[in-house]
Amino acid sequence: MRKVSVKTIDIHGFTPDQAKRIVEFEVQRAVSGSKLLIIHGSNRGTALRDMVRSLSSPRIKEIMPCFANDGETTIYLN
């Protein structure tokens, strides 16, 4: 069984444009089949959360909100 690589990226404090560049960079450099745990927060608005959850890339297989914590989203990669 293959171990899945998980990388955590905290984008608190960044503007949506800055955060998008960071996440898109990490999506491109991540290992195929891995996942990214994006910590965007939820207490000070939804701009970062909405940006992460609307990303599109051929490398992105699925984007899943964390049901236990609305301040996190997991991106599964192809």
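The values are calculated or read from the model by the stated rules, or taken from the named source; none is laboratory data. Values in this document were obtained by computation on a predicted structure and should not be read as measured data. Here the Cβ is made from the backbone with ideal geometry for all residues, glycine too, and neighbour counts use every protein chain on show. When the accessible area is computed, the model is the full protein with side chains, heavy atoms only, and any ligands, DNA or RNA have been set aside. Shrake-Rupley method; radii C 1.70, N 1.55, O 1.52, S 1.80 Å.
Overview of values
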| read-out | value |
| --- | --- |
| Antiparallel bridge percentage (DSSP; both residues within the chain; nearest 5) | 65 percent |
| Residues whose placed amide H lies under 5 Å from that of Ser34, excluding near-sequence neighbours | Leu77 |
| Whole-number percent relative contact order across the chain, with pairs defined as alpha carbons under 8 Å at least 6 apart | 33 percent |
| Carbon plus sulfur fraction of accessible area for the chain, probe 1.4 Å, in percent | 52 percent |
| Cα-based convex hull, region 14-78, per residue volume (Å³, whole number) | 71 Å³ |
| Rounded accessible area per residue of region 32-78, 1.4 Å, Å² | 56 Å² |
| Phi-based couplings in Hz for region 6-15 (Karplus 6.51, -1.76, 1.60; Gly and Pro marked x) | 10, 10, 9, 10, 9, 10, 4, x, 8, 6 |
| Linear extension gain, Ser56 paired with Thr8, 0.36 nm per residue minus alpha-carbon span | 15.4 nm |
| Ellipticity estimate at 222 nm from DSSP helix runs (n ≥ 4, -39,500 (n - 2.57)) divided over the chain, nearest 500 | -8000 deg cm²/dmol |
| FRET efficiency, 1/(1 + (r/R0)^6) with R0 22 Å, evaluated for Thr74 and Ala47 via beta carbons | 0.70 |
| Nearest-0.05 FRET efficiency for Asp17 and Cys66, computed from C-beta distance (R0 25 Å) | 0.60 |
| Interchain or long-range residues, amide H under 5 Å from Ile60's placed H | Asn78 |
